[in-house]
Structure formats: C-alpha cells, structure tokens
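Q: Below you will find the structure I want to go over with you.
The values are calculated or read from the model by the stated rules, or taken from the named source; none is laboratory data. Note that the structure is a prediction, hence the values are computed from the model and not measured. A quick note on method: Cβ atoms are made from the backbone with ideal geometry, for glycine too, and the neighbour counts reach across all protein chains shown.
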Amino acid sequence: MERQRMKFTFPPDLVTQPVIYNMGKQFHVVTNIRRANVSRDRGWMILEISGGEAEIQRAIQWAKEQGVRVDPIEGDIVAG
Amino acid sequence: MRYVNGLECRECGQAYPAEPIHVCEMCFGPLEVAYDYDAIGNAISRETIARGPHSLWRYKPLLPIEGDRIVDSQAGFTPLVRAHNLGRALGLRNLFVKNDTVNPTFSFKDRPVSIASTKAVEFGFDTLACASTGNLAGSVAAHAAKAGLRACIFIPADLEPSKVVAAQAYGPTIVAVDGNYDDVNRVCSEIADRHRWAFVNINLRPYYSEGSKTLAYEVAEQLGWRAPDHVVVPIASGSLFTKVWKGFRELAKLGLVPGVTTRMTGAQALGCSPVVTAFDAQTLTVEPVKPKTIAKSLAIGNPADGYYSLRIMKESGGVACAVDDGEVVEGIKLLARTEGIFAETAGGVVVGVLKKLAASGQIDPDELVVAYVTGNGLKTQEALAGALIEPIYARPSLRAIEEALALEAPATASVA
C-alpha cells in the first residue's frame, strides 16, 4: 500500500466537476483531502492518495488527462 | 543553550520536535522553526553580534543550530554598497545594493546551505542532496565537500554541460534524470520520502530556509541597526522573500531595531511570474506556470512560498513587479556600469524592477531602499551574448592602436 501526498490545481472548467469522486470510482485509490481552497474560477486541493503504486499512477495520469495540474506538495523542488 | 523550541506548522500550528521533517502530518502544511525568543534575547545584543565572526555565524543564536560543530564556508557578511551612481541613474537618493555575489560559491544559496549542511551533520546524515540546475547544486556540492558528506545532485538530463561544471568541480555524484522538469521534481520528492538522505530543500527545508534570514540581519546591522524603508527581493520559490521579512521582524521583536515598516517588494522575470500575476489579480492563489525566461535561477513555476509572499506584500505595503528578458539584460548592464557589480540574471531582474518602480513613482526618491543582488554574473554569461560592446581589434603597433581608438598624437611627444 503506497501513499502519495499531492497538490491538485484545477482550471476554471473543472472547478464544478466532481473530479475526486470520479477518480475514486474509476480507480482503486483512497483520496484523503487535508486542505483545499475552491473559488468560482479556480481551486487547489492538498490530498493524500493511497492504493497500489501502479493504481495511484494510473489515477494521477487520468487526473492530468482531465486537465488537473498535479504537483508534489513541496511545490517546485528543482532550484536554479 | 537551546534556542529552538521545535518545528511548527505554518498552517495549523501543530508542534513537532526539531527533526528532519518538513510537512505537517495533520494538514500537510509546511513546517517552520519555532524559537524561544526570550532565551535568544538574553543571549544576544548588538555588542555580542559585533564581536562575532565576519560571516553569517555572527547570528548563530538566531539560527536553528543546536550543536557546536558548524559547517563553515565563511558565507555571508557580504558588502552593503551605497549605490550613489545607480541611484542617480534611477532618481533614487538613498539606494543600497546588498552584494551577495561574493559568497564562497558566488550566490546567496551558501547561506541556507550552510545551515542545511550543519543540520545534516547534526542529524547524522551521510548524504547531502538537492535537485538543481545551477546555484544550489554548486553550493550543496561545496558544503558537502567541506563537511565530509557524500553529495548527490539531481539535474534534468538535457541541462547544458556548462551549467553543471561549477558543481562537478567539488566531486559530487550527479544524476542526470531522463525526463522533463516535472519528472525530476516529482522523483526527487519521492526519493526524499523513502531514503534517509538530507535533501536540503525538501526534508531539511525548515532549517535550510532559515539561513536566508541572515540577509535581513546583515542589512539592518550594516545600516546601523535599522530596517530599510523598502526592499526589492527576487522571487523564485518565495522562500528568500519570506525569510527576509521574518529576519527584520525578529530583530524588532528582540529590540535590536526600533521597529519595522519595511515595504517588501518582490521581483520576477516576466517569463516566470506567477506571483506577480496573482498580485495583479489581487488574489492569494498562485497559478503554476511553465517558466520561459533567461533568469533560470528564478524559474520556479510553482512556488511553494508564493502564497506567503503575497500575504507579506499585502501586509507590508510592498508590490510585485516583473520585467522582460530584455530589461533583465539592461539591468545587469546598468548595475555593472554604475556600481561595478556584475550580477547574474536574477540581479538583472531586481535592477530592472527597481528602475520600473522608480520611474512609475512606486518607490519614493527619498526612501531608504535596499536591492538584493543574489548571484554572480560569471554564472550566466551567455545571457549577455550579443548585448555587449565588442572589443576593438588592432595590429600590435602604436599607430594602429591610435588609429583604432581615434587618438591624436600628443603635440609635445618626447622620447625617453
């Protein structure tokens, strides 16, 4: 059982979509939202995703394909 | 004497012991070092600091170090230059430049890495690591060498070879990751999670970032123990920006400066300006961007401390401002030609922003302004390609050189 802590950033057209619900329905992963901020035209969410390693990767890949930006919770680590 | 109470979540306030951790287990917020300021206040004064070493270690009680062994590269205590010439060019009568180009590996990164490498030794790590495309790599490799630690530097595989030489010289292991920037970013976060390595800006981040506070302490001390009216600080992750503010506020809390009314202004390159975009939109939500700028040391598209930087701007009355790559090059040239300081592209960003804000009246001509110049121009020489005055080529004869320079022979030339 793997656990990954991620930041999801939603573009305006996804703000009203049940993305996290759909991800949980389509993949065998558990999503645990710890912090979030959603407004009319933007939103972000800090969450933990647990499940099999490959299944987590598939779920994240699916989220990216929907238009979600997925980042490590640390932000950009590669420094200049 | 212990001055560190532990770590504290910046979001929910949950307390943790001072360990190599960086994320709150409750809310996944970033952790910050919490100090016992009463104990620090009893231990330091302007006089004890003045008797300290000519390096950032003169502020040791204000840094999260608990042991006696420090990894000392003599970083810090860099010049604060009264910039009369640049000030005249910009119409600013009270301008200073904090010249951090002269650190041991030629950038301000030696400050946070001094702290991170010291903590890595304290915590008993054997490997110091980072993911970097430039300044951080060199600093981590150098400090690991000094500390006797193994260094492991992660870079994107397509990085130009010239960028890594400055780190290679110190003998680190360099891993060129076959993937794009986002892949390197993600994989390093995962490595830090699984392996017991000291990743300076991941699991040691709460300690690492504290090193940047010394850029506030030094400026205040060099100004005769006062905080400036206005500072211009480059923003990449936003960590430096938040720590300069924290540094000034700590000095006020300890009574070392009378008070802090410093306006905190952030500078970004237009090709990677998510914080400026959020500031202009009057929101605290930073939308990540894909960087595209010559200011590579500021090219952080998803800045971890962007939100906190925006809050500080709002609280302090500062602004966020961006300049394009052409203005960055002009900024580098202007600083070099007026003050004799050759800065890397981040310095060009700061000078460009300074110029823009002075011209638009957002900096008052009489404000005491400090511009933070954080890295050396020798690191980003390619940015100036085609933008400098070409040499004059001449044959090795007096006449040829006089002709080339349009010099007239003196009327009373004498032969010795």
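Q: Can you tell me which residue is nearest to B:Ser73 (Cα to Cα) among those in the range B:152-169 that are modelled with pLDDT of 90 or more and under 21 Å from the mean Cα position of the chain (by Cα)?
A: Restricting to residues being modelled with pLDDT of 90 or more and under 21 Å from the mean Cα position of the chain (by Cα), the top hit is B:Ala167.
Q: Something else: Condition first: touching a Ser or Thr at 6+ places or on another chain (Cβ under 6 Å) and of a type in the set (Ser, Thr, Tyr). Now tell me which residues in the range B:26-70 satisfy that.
A: Once the filter is applied, which keeps residues that are touching a Ser or Thr at 6+ places or on another chain (Cβ under 6 Å) and of a type in the set (Ser, Thr, Tyr), the range B:26-70 yields only B:Tyr59.
Q: Give B:Asn85, B:Asn99, B:Asn94 a once-over and let me know the one that is crowded, with 23+ Cβ neighbours inside 10 Å, in contact (Cβ under 8 Å) with a residue 40 or more places away in the chain and not aliphatic (A, V, I, L, M).
A: B:Asn99
Q: Something else about it: Hey, among B:Ile49, B:Ile40, B:Ile70, which residue is of a type in the set (Val, Ile, Thr), within 17 Å of B:Asn5 (Cα to Cα) and touching a residue at least 24 places away in the same chain (Cβ under 8 Å)?
A: Exactly one of B:Ile49, B:Ile40, B:Ile70 is of a type in the set (Val, Ile, Thr), within 17 Å of B:Asn5 (Cα to Cα) and touching a residue at least 24 places away in the same chain (Cβ under 8 Å), namely B:Ile40.
Q: Need pairs with beta-carbon distance below 8 Å; first residue more than 9 Å from chain A (Cβ to nearest Cβ) and farther than 15 Å from B:Ala304 by Cα and within the range B:278-290, second surrounded by 16 or more Cβ atoms within 10 Å (Cβ to Cβ) and among the β-branched types (Val, Ile, Thr); sequence gap 6+ or separate chains.
A: Within 8 Å, the pairs are B:Phe279/B:Val319.
Q: Tell me which helices (runs of 4 or more DSSP H) are completely within the range B:44-135 and hold 1 or more residues being in contact with a strand residue (DSSP E or B) (Cβ under 7 Å, 6 or more places away or on another chain), or say none if there are none.
A: Ranges flagged: B:84-90, B:110-122.
Q: Would it be correct to say that B:Glu25 is outside any helix (DSSP H, G or I), closer than 21 Å to B:Asn201 by Cβ, within 14 Å of chain A (Cβ to nearest Cβ) and acidic (Asp, Glu)?
A: yes
Q: So which of A:Glu53, A:Glu48, A:Glu65 is surrounded by fewer than 17 Cβ atoms within 10 Å (Cβ to Cβ), more than 10 Å from every other protein chain (Cβ to nearest Cβ) and either closer than 26 Å to B:Cys130 by Cβ or small (Gly, Ala, Ser) (or both)?
A: Exactly one of A:Glu53, A:Glu48, A:Glu65 is surrounded by fewer than 17 Cβ atoms within 10 Å (Cβ to Cβ), more than 10 Å from every other protein chain (Cβ to nearest Cβ) and either closer than 26 Å to B:Cys130 by Cβ or small (Gly, Ala, Ser) (or both), namely A:Glu53.
Residue by residue, here is whether (1) in contact with a Ser or Thr (Cβ under 9 Å, 6 or more places away or on another chain); (2) modelled with pLDDT of 95 or more holds:
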{"position": "B:Phe123", "(1), (2)": "no, yes"}
{"position": "B:Cys130", "(1), (2)": "yes, yes"}
{"position": "B:Val140", "(1), (2)": "yes, yes"}
{"position": "B:Leu149", "(1), (2)": "yes, yes"}
{"position": "B:Asp178", "(1), (2)": "no, no"}
{"position": "B:Ser189", "(1), (2)": "no, no"}
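Q: Of all residues in the range A:68-80, how many are surrounded by 20 or more Cβ atoms within 10 Å (Cβ to Cβ) and either closer than 13 Å to A:Met23 by Cβ or in contact with a helix residue (DSSP H, G or I) (Cβ under 7 Å, 6 or more places away or on another chain) (or both)?
A: Looking only at that region, the number is 8.
Q: Against the definition (under 20 Å from B:Thr242 (Cβ atoms) and either at pLDDT below 95 or more than 14 Å from chain A (Cβ to nearest Cβ) (or both)), how does B:Leu31 come out, yes or no?
A: no
Q: Here's something else I'd like to know. Under 9 Å by Cβ, and 6 or more places apart or on different chains, what pairs join a residue from the range B:178-189 that is over 20 Å from A:Glu53 (Cα atoms) and within 7 Å of another protein chain (Cβ to nearest Cβ) with one that is hydrophobic (A, V, I, L, M, F, W, C) and surrounded by 14 or more Cβ atoms within 10 Å (Cβ to Cβ)?
A: Note: pairs meeting the criteria are B:Tyr181/A:Val78; B:Tyr181/B:Ala299.
Q: Condition first: among the aliphatic types (A, V, I, L, M), assigned to a strand (DSSP E or B) and under 27 Å from A:Glu48 (Cβ atoms). Now tell me which residues in the range B:1-22 satisfy that.
A: B:Leu7, B:Ala15
Q: Continuing with this model, one more query. Does the range B:147-159 include one or more residues that are part of a helix (DSSP H, G or I), farther than 21 Å from B:Glu339 by Cα and free of Cβ contacts under 8 Å to residues at least 40 places away in the same chain?
A: Looking for residues that are part of a helix (DSSP H, G or I), farther than 21 Å from B:Glu339 by Cα and free of Cβ contacts under 8 Å to residues at least 40 places away in the same chain, one finds none in the range B:147-159, hence no.
Q: Inside the range B:102-135, can you point out the residues that are more than 14 Å from chain A (Cβ to nearest Cβ), closer than 22 Å to B:Glu344 by Cα and free of Cβ contacts under 8 Å to residues at least 60 places away in the same chain?
A: B:Asn103, B:Pro104
Q: I'd like the residue in the range B:252-308 that is more than 21 Å from the chain's Cα centre (by Cα) and among the acidic types (Asp, Glu) and, out of all such residues, is surrounded by the most Cβ atoms within 10 Å (Cβ to Cβ).
A: Result: B:Glu287.
Q: Looking at the range B:179-206, which of the residues that are within 17 Å of B:Ala151 (Cα to Cα) and under 21 Å from the mean Cα position of the chain (by Cα) is surrounded by the most Cβ atoms within 10 Å (Cβ to Cβ)?
A: Here the answer is B:Val200.
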